[in-house]
Amino acid sequence: QVQLVESGGGLVQAGGSLRLSCAASGIIFRDNAMAWYRQAPGKQRERVAVISSVRSTMYADSVKGRFTISRDIAKNTVDLQMNSLNPDDTAVYYCNTRDAKYQWGQGTQVTVSS
């Protein structure tokens, strides 16, 4: 059974940075297109970044130029570096495959204060 565990969230002021990490058991990240998603209060979950098995990346327009998704093969983690954060980035962040085929983890809360 695949378990996804997100970490690295927290409270940060606008303009600050955070680095999120996703670890998993039962899945090899390098063999899958992985993604970071987020869900803000009262909104649907949205996909914000994708990294393919060959490390090509795609970003939602709202985070392009500020967020960077990467994969550490040795650690089997998928990370999300978030810079220039603003209050609209406040959400619970999750990782999953690009097509969200596994059960969602608990996520990690990111709160950006103005």
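The values are calculated or read from the model by the stated rules, or taken from the named source; none is laboratory data. Keep in mind it's a predicted model, so treat the numbers as computed, not measured. Ideal geometry is used to build each Cβ from the backbone, glycine not excepted, and the neighbour counts take in all protein chains shown. Calculation scope for accessible area: heavy atoms of the full protein, side chains included, ligands and nucleic acids excluded. Shrake-Rupley method; radii C 1.70, N 1.55, O 1.52, S 1.80 Å.
Remarks
- Residues that are within 17 Å of GLY10 (Cα to Cα) and open to solvent by 50 Å² or more (accessible area, probe 1.4 Å), drawn from segment 97-110: GLN106, GLN109
- Considering residues of segment 20-42 that are charged (D, E, K, R) and more than 17 Å from GLN106 (Cα to Cα) only, the residue surrounded by the fewest Cβ atoms within 10 Å (Cβ to Cβ): ASP31
- Flag for VAL48 being part of a strand (DSSP E or B) and open to solvent by less than 50 Å² (accessible area, probe 1.4 Å): yes
- Failed item in (1) touching a Ser or Thr at 6+ places or on another chain (Cβ under 8 Å); (2) open to solvent by less than 20 Å² (accessible area, probe 1.4 Å); (3) not in a strand (DSSP E or B), with VAL63 passing the rest: (1)
- ASP72 open to solvent by 30 Å² or more (accessible area, probe 1.4 Å), of a type outside the set (A, V, I, L, M, F, W, C) and closer than 13 Å to MET34 by Cα: yes
- Failed item, numbered, when VAL54 is tested on (1) among the β-branched types (Val, Ile, Thr); (2) assigned to a loop (DSSP other than H, G, I, E, B); (3) surrounded by 11 or more Cβ atoms within 10 Å (Cβ to Cβ): (3)
- For beta carbons closer than 7 Å, sequence separation of 6+ or different chains, a first residue in segment 63-83 that is touching a residue at least 60 places away in the same chain (Cβ under 8 Å) and a second that is in a loop (DSSP other than H, G, I, E, B) and surrounded by 15 or more Cβ atoms within 10 Å (Cβ to Cβ), the qualifying pairs are MET82/ARG66; ASN83/ARG66.
- Condition broken by THR68, with the remaining ones in (1) within 11 Å of the chain's Cα centre (by Cα); (2) at pLDDT below 95; (3) of a type in the set (S, T, N, Q) satisfied: (2)
- Some residue of segment 15-33 being touching a residue at least 60 places away in the same chain (Cβ under 8 Å), of a type in the set (Ser, Thr, Tyr) and touching a Cys at 6+ places or on another chain (Cβ under 8 Å): no
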